[in-house]
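Every number in this text was worked out from the coordinates using simple rules, so none of it is lab data. Source: prediction; values computed, not measured. No Cβ is skipped: glycine too gets one built from the backbone with ideal geometry, and neighbour counts run over all protein chains shown.
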Amino acid sequence: MVSHLFKTPRLLAGGMLLMLITAGHASGQDVQVSNARLSLLPGEQPGAGYFQLHNTGDETAVLVGAQSEAFEDVEIHMSSDENGMAHMHAMEQVAVEAGERFEFAPKGHHLMFIGRKQALAEGEDVEVLLQFGDEQRLPVTFEVVSPAAL
């Protein structure tokens, strides 16, 4: 009897926490992420994150940032080639229209992972929190891959 008294409040608290987490990510659930890979170069060089966003919702989804405990900073970047010269610059956001897909791929849009805080090896997972303009957050697991795998 006594053990049931202690289990019930914990179960209720756990259920409430799950409801709060789910409610806080309702809009984020309209965005699906697939094929999330993190390409790491040797040493302290930055890494690049590639993935596909699919906006299954009825409104435009606007990616405004990302963060990961494994890196000091994560930025949205775009690579381009102008007159044979490679360029890369940071972007404030990427908008994905309702029903559309957007590809983060080599030589295009990507997440730049800066300031590695820990050693990472191919095959490991890195947790990344994508941040959207409507204050929603979407946790995504990126697999560490070799640049040659892309």
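Rounded to the nearest 0.05, what FRET efficiency is calculated for Thr56 and Ala86 with R0 set to 41 Å and r the Cβ-Cβ distance? If you can, show how the numbers build up before the last one.
Numbers: r = 34 Å, r/R0 = 0.82.
Taking R0 as 41 Å, the efficiency between Thr56 and Ala86 is 0.75.
Amide H to amide H under 5 Å from Val31: which residues, 5+ apart in sequence or cross-chain, H placed 1.01 Å off N in plane?
Answer set, sorted by chain and number: Thr56.
Could you give P(r) for region 27-149, binned at 5 Å from zero, as whole percent values over all Cα-Cα pairs?
So the P(r) values, bin by bin, are 2, 11, 22, 24, 20, 12, 6, 2, 0.
Using Cα pairs closer than 8 Å and at least 6 residues apart in sequence, work out the relative contact order for region 30-149, in percent. Can you show the working numbers first?
Values: 295 pairs, mean separation 39.7, N = 120.
Normalised by residue count, the contact order of region 30-149 is 33 percent.
Give the calculated FRET efficiency between Leu41 and Glu135 to the nearest 0.05, with a Förster radius of 35 Å applied to their Cβ-Cβ distance. The partial results should precede the final answer.
Values: r = 33 Å, r/R0 = 0.94.
Once the sixth-power term is evaluated, E becomes 0.60.
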